[in-house]
């Protein structure tokens, strides 16, 4: 702490940290503490039976698996979208740019219902896919679709500013030194974009893990197959088993935290490598 | 520790104390206002109900307000709240100030007694017909012309038939639907429980989507064109017919089904706090009057009043109906055996 103080040239450290702590305590820590406290009503044995129930485990697999795939898709497509929005000039660019944030504003239930309407076998897109034997609504892919939809803005919005700040002259310099386009992308652009890409990925992943509203409409919610963990929580609440519901939530929380921490460490590690090279 | 370092901690402590102080005073105020209100001053009551009764209670509430004004000269407005039956019960347990509850199944009102002692244990004995002013049953909505030739419950579990029904874990109506199917199988197999279990396993094996509520399932069946049969409330089926056209769908009454009894009760703790017992009781008694029974019949709920029932007899085909008490030993037992954690419904989906 003393070291912190010596290095700080900005005034108001005490006040701002105090406010931060208070804010975090009321908005984040208090509800989380209540969650853990409620789970304490269970004995360790009860806790383990609840969270290792085959149906609950299957729900975790669906939630984390679909979120992971959706976050990967978002990272790939989001990078492309950000690239297009930053690097090219075309008609309607502003309009497209504004549209990116829409998934944030749209109530997720509306998103779920619209996607289901489109992809059900009598919907506009589903009608075309059905003869090909591709089913999206009421399947695992439907869940991924909904999670991709709600998570996309995270990746685009984290990459966009970095791409904007990336001076095209650096790429031109690389080109004049004889680097091909692919090499420029790999060795010049990508190392810059990598950290925000990881950030966007983890934000999109975290958002997807907790998503409920859109998924319940497009998933068939069949136990062991297409049931997400938040649905399991609602089912437990419906049986007035609050502690069991919070137990499932606590496991999700811890798992998400570990995954996000790992991504953050990965980010640090790769950034360090970049400096050495 | 330096003073500047202690500052954030002390700020935190002060704000926490302030916050708890605010909470204290606001609860004081709350109890003061409730104590001040007496019966004559109650100008509105809240009816917390389940999902498909929205239209029904809207009509009944207007009729009751007129009736109450004529009898007592007081203005009364009945507010309504709708949602899944279990969710509504939970809201009342968590403090929603409901004067009366009109829920989808007795188990959810039992929960008000078990978790919070909001109603006495014998609440269901206080009003006629197990505190059920109007009943309903579970029917099928099928596609016009009955392309899959569905007539008996056994037809539903054939290969290639898709059944749309909500999740009994999250929907009260779906629990009635589950028990209708299970009970029908019991009756057709001389109460052989093993056979009924095999039947219900095949039944849910034919369910491609488990929606969370009755209305969602109706949308899946009609708008998304999924499934061959929707198993739902009688009123929901009739409403879907009105809404989406009888040229596309048919309501089929299965040979045997369940007598669904959505019960009503005042919430004793709330009416005593608010001083609204008199009007809340009058409201529930009003549900049994010929006027309210008539409104119920028009909304496809089966009236319990004999004279109203006979007038609307052709609207409600007589089929063989069994009750939860007859076949399942009451709601508590049905809930524990079938829908609780690890119950029959959970076992259907357990990997073999």
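Listing for the model above:
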{"item": "Förster-model FRET efficiency, 51 Å R0, residue A:34 and residue B:44, C-beta, rounded to 0.05", "result": "0.95"}
{"item": "Region A:65-227: projected area of the alpha-carbon convex hull, averaged over directions, in nm²", "result": "11.2 nm²"}
{"item": "Cα pair distances in region A:171-247, grouped into 5 Å bins until the bin that holds the longest one, percent each", "result": "3, 13, 13, 12, 11, 8, 7, 7, 7, 7, 6, 4, 2, 1"}
{"item": "Nearest-0.05 FRET efficiency for residue B:307 and residue B:247, computed from C-beta distance (R0 51 Å)", "result": "0.90"}
{"item": "Difference of contour (0.36 nm per residue) and Cα-Cα distance, residue A:128 to residue A:175", "result": "12.5 nm"}
{"item": "Within chain B, helix-based [θ] at 222 nm, where runs of 4 or more DSSP H residues each add -39,500 (n - 2.57), nearest 500", "result": "-15000 deg cm²/dmol"}
{"item": "Estimated inter-spin distance, residue A:48 and residue B:59, nm [label 7 Å along Cα→Cβ]", "result": "5.8 nm"}
{"item": "Burial ordering of A:15, A:115, fewest other beta-carbon atoms within 10 Å first", "result": "A:15, A:115"}
{"item": "Overall Cα dimensions of chain A - principal axes, largest extent first, Å", "result": "67, 67, 32"}
{"item": "Column: log10 I(q)/I(0), Debye, Cα scatterers of chain B, q = 0.10, 0.11 Å⁻¹", "result": "-0.66, -0.77"}
{"item": "Per-residue [θ]222 nm for chain A (sum of -39500 (n - 2.57) over DSSP H runs n ≥ 4, rounded to 500)", "result": "-23500 deg cm²/dmol"}
{"item": "Per principal axis, descending, Cα span of region B:190-321 in whole Å", "result": "50, 36, 34"}
{"item": "Sequence of B:87, B:169 once ranked by neighbouring C-beta atoms within 10 Å, starting from the fewest", "result": "B:87, B:169"}
{"item": "DSSP bridge pairs, chain B: antiparallel proportion in percent, nearest 5", "result": "55 percent"}
{"item": "Percent of alpha-carbon pairs separated by more than 43 Å within the protein assembly as shown", "result": "36 percent"}
{"item": "Burial ordering of B:336, A:238, A:192, fewest other beta-carbon atoms within 10 Å first", "result": "B:336, A:192, A:238"}
{"item": "Top of A:194, A:83, A:182 by mean-square fluctuation, Gaussian network on chain A, Cα under 10 Å", "result": "A:182"}
{"item": "Fraction of the pair-distance distribution of region B:36-146 above 19 Å, Cα-Cα pairs, percent", "result": "55 percent"}
{"item": "Computed label-point distance, nm, for sites residue A:271 and residue B:278 using a 7 Å Cα→Cβ extension", "result": "7.1 nm"}
{"item": "Relative pair counts by distance (%), Cα atoms of region A:1-150, 10 Å bins", "result": "9, 18, 24, 24, 18, 6, 1"}
{"item": "Sites residue B:193 and residue B:97 - FRET efficiency at Förster radius 60 Å, r taken between beta-carbons, to 0.05", "result": "0.90"}
{"item": "Residue with peak Gaussian network fluctuation, chain A [Cα springs, cutoff 10 Å], from A:261, A:24, A:57", "result": "A:24"}
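All of the numbers you see were taken from the coordinates with simple rules; none came from a lab. No experiment lies behind these values; they were computed from the predicted model shown. Here the Cβ is made from the backbone with ideal geometry for all residues, glycine too, and neighbour counts use every protein chain on show.
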